[in-house]
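What follows is a short report on a single structure.
The values are calculated or read from the model by the stated rules, or taken from the named source; none is laboratory data. Predicted, not measured: the structure shown is a model, and the values here were computed from it. Backbone-built Cβ (ideal geometry, glycine too); neighbour counts: all protein chains shown.
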Amino acid sequence: MKIAYFVIISFLIILAPAFAWNSGAHRALWQAALENLDLSICDKSQIKKITYQAPVLPDRGGSKNKHNCYKEYCPAMEKVNELVSDAMAEENLCEKLRILGVASHYYTDSKNPAHQKNIDSNCHTKFEKAVDKFIKRGFISSVAVKCKKSKTTLTFNKNELKLKELSKNN
């Protein structure tokens, strides 16, 4: 079982810069991390919770203050550590995976440039939508979004991805 955790966490670390943006991207990353795991011991409702609901649960209402990382303080990673501890203590494999799916959301959010700077919500949304289009277009161009209020430019480009190495191994 420790190997499964290692594989999931390693996969998240490798792909986090590419998929730290919206609900579809959070799901895609988590589902890719689960791809080689046998979920047949879980019933259909558990599988739906693990694969579809867990990675987006943190964005479903409530406070978003734990989704950010600042220079000296990273509430998102604190939440990841808390959830991984919860998952390790859980005896039911299906529930472990659901908890780790929630943790994957906070981890990928911690890598998102819009979650690392104090910017206005309009710029945050605009940046995440631009990156989502970039991913859907096959990483053809780069993204640069200028934030008027904070006078910051958020960027994202193909060189920031580690997908090349991964796709060569498949």
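The residue pairs whose first member lies in the range 67-87 and is more than 10 Å from residue 110 (Cβ to Cβ) and in contact (Cβ under 8 Å) with a residue 12 or more places away in the chain, whose second member is among the basic types (Lys, Arg) and surrounded by 17 or more Cβ atoms within 10 Å (Cβ to Cβ), and whose beta carbons are closer than 8 Å, counting only pairs six or more residues apart or on different chains, are 87/96.
All of 79, 168 fail the test of being among the basic types (Lys, Arg), modelled with pLDDT of 80 or more and within 30 Å of residue 37 (Cα to Cα), apart from 79. With respect to the conditions (1) at pLDDT 85 or above; (2) closer than 27 Å to residue 126 by Cα; (3) within 12 Å of the chain's Cα centre (by Cα), residue 100 lacks only one, and its number is (2).
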